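K.L.:
Structure in structure tokens, see below.
Here, each number is a calculation from the coordinates, and none is a lab measurement. In this text the structure is predicted, and so the values were computed from the model without any measurement. All Cβ positions, glycine included, derive from the backbone under ideal geometry; neighbour counts span all protein chains shown.
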Amino acid sequence: MNRPSRDRRLARKACAGAAWLATALVALAGCGPPPPPTGSLEPLEARSRLHAERRERRVQVCEVRAALRLETAAAGRLPAVSVVARLAGPDRARLQARWVLGTLVDVVVSGDTLRAWMPSRRLGLELPSFADTLGVPEPGRVLRQALAASWPAPREAWRRANADSAGARLAWREAGEDWTLLVDRAGRPRQVSWAREGRGLEVRYAGWRGRGSSAWPTRIELADPAGGFRLELWLEDVRPLGRASPAWFSLALPADVAPFGFDDLRRALATREDSP
């Protein structure tokens with residue numbers, strides 16, 4: 001065999017191998033997290049707004065399946081339960097916590113009114129000023145925004161934002177409330193909090209699934225900064241629905257029900273744990 005011809009073939013193979021390796025490295029780099037933001041944050045802002053708007057549209061009318069764990073200062077850490085929820089904008093939600101014997105507790109939030117019903121013990125509760133009690137305005141709207149991670153930040157807040165290795169930090173004041181929003185390199189919220197006169201809420205996103213506009217939070221933690229309560233949600237499915245039915249948010253309490261508190265919920269959950 002002619003040695004120069006053999007050398008040329010080996011050289012061509014080496015070049016082809018190098019090109020393949022370079023292509024593979026570029027592809028692998030594209031699968032990794034976006035680089036830390038540098039210079040203007042406008043591309044990060046645009047991506048964050050676009051994806052948040054798409055997630056928000058998905059939860060305008062939707063059904064959510066999740067696992068939920070609640071911890072309060074009064075009752076301590078309660079066992080986790082399975083929850084099916086239906087939401088409809090702007091501020092309506094119905095959550096049904098279920099167990100082996102049926103519905104454990106049925107909760108409807110409409111505006112700033114909450115109704116809850118524990119059928120196994122014939123205990124009910126109605127709070128016409130639930131928003132004031134909780135210290136969170138429009139709890140139904142806040143729940144929807146928490147599920148969709150669709151927290152709108154003013155453009156001025158983005159102009160004053162500080163980039164960091166994890167993404168960016170935004171802070172602003174709106175309607176007497178102090179807001180802080182942390183986003184990752186993809187523009188997804190890492191944490192949002194607001195406070196007013198010593199009361200507020202902190203929402204942390206501990207996990208995400210998917211990429212780009214199809215990304216969705218998988219674990220959400222909501223907490224009262226004062227330590228009054230802590231709620232953990234593990235999202236299993238978020239399914240958009242058509243039109244909302246008024247029946248979804250209709251919950252009439254019997255006239256003879258006794259009010260219940262967290263201790264009753266704890267006892268019911270303890271019964272659930274003892275069930276076969």
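K.L.:
Going by how many other Cβ atoms sit within 10 Å of their own, how do Ser110, Ser245 line up, fewest first?
P.N.:
Numbers: Ser110 18, Ser245 12.
With the fewest neighbours first, Ser110, Ser245 line up as Ser245, Ser110.
K.L.:
Long-range amide H contacts for Leu104: which residues qualify at under 5 Å (H placed 1.01 Å from N, peptide plane, sequence gap of 5 or more or a different chain)?
P.N.:
Ala97, Arg98, Trp99
K.L.:
Hey, another quick one. Starting from 0 in steps of 10 Å, tell me what percent of the Cα-Cα pairs of region 57-274 lands in each bin.
P.N.:
8, 31, 37, 19, 5, 1
K.L.:
Using the Karplus curve 6.51 cos²θ - 1.76 cosθ + 1.60 with θ = phi - 60°, what ³J(HN,Hα) values do you get for each residue of region 187-199, in whole Hz, with x for Gly and Pro?
P.N.:
Coupling constants for region 187-199: x, 7, x, 9, 7, 9, 8, 8, 8, 8, 6, x, 10 Hz.
K.L.:
Using modelled backbone amide H atoms (1.01 Å from N, in-plane), which distant-in-sequence or interchain residues come within less than 5 Å of Arg190's amide H?
P.N.:
Residues meeting the amide H criterion: Leu182, Val183, Asp184.
K.L.:
Something else about it: For region 157-234, what does the alpha-carbon gyration tensor say about shape, rounded, prolate or oblate, given a ≥ b ≥ c as the root eigenvalues, a/c under 1.5 as rounded, and a/b over b/c as prolate? Could the numbers behind the result be given before it?
P.N.:
Working: a/c = 2.53, a/b = 1.15, b/c = 2.20.
Because a/c hits 1.5 or more and a/b fails to exceed b/c, region 157-234 counts as oblate.
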